[in-house]
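Asks: Take a look at this one; I'll ask things after.
The values are calculated or read from the model by the stated rules, or taken from the named source; none is laboratory data. Since this is a predicted model, take the numbers as computed values, not measurements. All Cβ positions, glycine included, derive from the backbone under ideal geometry; neighbour counts span all protein chains shown. Surface areas here come from the heavy atoms of the whole protein model, side chains and all, with no ligands, DNA or RNA. Shrake-Rupley method; radii C 1.70, N 1.55, O 1.52, S 1.80 Å.
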Amino acid sequence: MTSTDTGERRRAADTRPVITDLLVASTVESIAGEAWVALVGEDEVLVPIPGDLPVDPVSAWVDVVGPWTGSVVLTTGRDTAADLTRALLGPAVPEELEDEDVADAFGEIANVVGGNVKAALPGPSALSLPDVGAAPAVRNPADVCRIDVLWRGQPVAISVQGALPALPLPHPPHENPMHENPMHENPTHENGASL
Amino acid sequence: MRALVIDDSRAMRRIVTAILEGLGYEVRGAGHGREGLDVLDEGWIPELVCVDWNMPVMDGLQFVSAVRSNPAWRSITLMMVTSESEHTQIVRALAAGAHEYVIKPFTADAIRDKLGLLGLLPQEVAL
């Protein structure tokens, strides 16, 4: 007896969750809000109103590697990142704030938010050390859960974004899969300047 | 009382240090587990070590295992202070020899409560 390989079993095994299957924006907002209150200050709230990020923002992120793989990216203006650092350090803030201080503090906020996002995802997963700079590119726009908030009136974006390209869309076996998936074509983020 | 704070984030070291100094601790800091072991090797033995998990060079879990493998450091209380909040990770840390586990973000009260449970609040603070 012979059988025809239709590819159905391979496609079923290729099923990979996207972040919107696993996480809702309100969870990210709640995690970030708790981090802000604990790290930045008791009265420091994030207001869920989108604002325009500056043209030269700075991002801090951690990578999550596990059943879902991607990055948790915080993006804001450089002055706002410096203000966050001052608030985080409180009385321990140095007289002269250096770029290194800002990278360290903003990275730690990303680490705390990212660690708690990781805990909300199926595990086990590994968490990277934080990185600061231009945000990693969005690989698959369908695999992004993003919130835009204001802190002290300044915009902050928090993006939980997959690191893997989109899977091929399921297609009937007789169709040619080579020209069907627009997700592979130069994914760009619709909103962030360097995202 | 002495405490060693091990975290690769200087900001987080400053925050934890400020909390512990406010409770009356004499505090030293280290940027990763290997630096922490160097402090202990110098003979500066604290009652408490607050150690992060994810760090370069030597992570917190490796540090905990190293401390627990040395009988001379048996008296040290180890508290993980980390954003690793998966249940399996907490179990791993406790199994390796950590006494307590604090998940970031935390408040100063949370640290104080944990120290109270461990009997590590300086007497004048505990009263």
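Asks: Distance in nm between label sites at A:VAL93 and A:LEU129, each 7 Å beyond Cα in the beta-carbon direction?
Replies: For A:VAL93 paired with A:LEU129, the spin-label model returns 2.7 nm.
Asks: Moving on to the next point. Considering only DSSP states other than H, G, I, E and B, which trypsin sites (Lys or Arg not before Pro) in segment B:70-123 qualify as loop sites with at most 13 other Cβ atoms within 10 Å?
Replies: Sparse-neighbourhood loop trypsin sites (Lys or Arg not before Pro): B:ARG74.
Asks: Separate question: Percent relative contact order of segment B:74-125, based on C-alpha pairs within less than 8 angstrom and at least six residues apart?
Replies: Across segment B:74-125, relative contact order equals 33 percent.
Asks: Once you average over the residues of B:104-115, how many Cβ atoms of partner chains fall within 10 Å of each Cβ?
Replies: 3
Asks: Could you give the size of the charge dipole of segment B:50-117 about its Cα centre, using +1 on the Cβ of each K and R and -1 on the Cβ of each D and E, expressed in debye and rounded to the nearest 20?
Replies: 220
Asks: Per residue, how much accessible surface does segment B:2-126 expose to a 1.4 Å probe? Answer in Å², no decimals.
Replies: Working: 5120 Å² over 125 residues.
Value for segment B:2-126: 41 Å² per residue.
Asks: Apply 1/(1 + (r/R0)^6) to the Cβ-Cβ distance of B:ASP38 and A:GLU34, taking R0 = 30 Å, and write down the FRET efficiency to the nearest 0.05. Spell out each step's value before the answer.
Replies: Details: r = 35 Å, r/R0 = 1.15.
Efficiency computed from Cβ-Cβ geometry: 0.30.
Asks: Which whole-number percentage describes the relative contact order of segment A:18-164, with Cα contacts under 8 Å and a sequence gap of 6 or more?
Replies: 39
Asks: Distance between the C-alpha centers of segment A:78-151 and segment A:17-64? Whole Å please.
Replies: When both Cα centres are located, 9 Å separates them.
Asks: Calculate, in whole percent, how much of the Cα-Cα pair population of segment B:2-126 lies beyond 20 Å.
Replies: 35
Asks: How large is the accessible surface per residue of segment A:1-144, computed with a 1.4 Å probe and reported in Å² as a whole number?
Replies: Numbers: 7150 Å² over 144 residues.
Result: 50 Å² of accessible area for each residue.
Asks: If you don't mind, there's one more thing I want to ask. Check which residues have an amide H placed less than 5 Å from B:MET55's amide H, if you skip close sequence neighbours.
Replies: Placed amide hydrogens put B:GLY60 under 5 Å from B:MET55.
Asks: Using only DSSP helix segments of four residues or longer, with each worth -39500 (n - 2.57), what per-residue ellipticity at 222 nm results for chain B after dividing by its residue count and rounding to 500?
Replies: Values: 6 runs with 56 residues, N = 127.
The helix contribution divided over chain B gives -12500 deg cm²/dmol.
Asks: Between chains A and B, what is the buried accessible area summed over both chains (1.4 Å probe, protein heavy atoms, nearest 100 Å²)?
Replies: Working: alone 10950 and 6300 Å², together 15450 Å².
Between A and B, the summed buried area is about 1800 Å².
Asks: For peptide A:110-117, compute the average count of partner chain beta-carbon atoms within 10 Å of each residue's beta-carbon.
Replies: The per-residue average across the peptide is 5.
Asks: Amide H neighbours of B:THR77 under 5 Å, counting only residues 5+ apart in sequence or on other chains, H built in-plane at 1.01 Å?
Replies: HN-HN under 5 Å from B:THR77: B:LEU48, B:VAL49.
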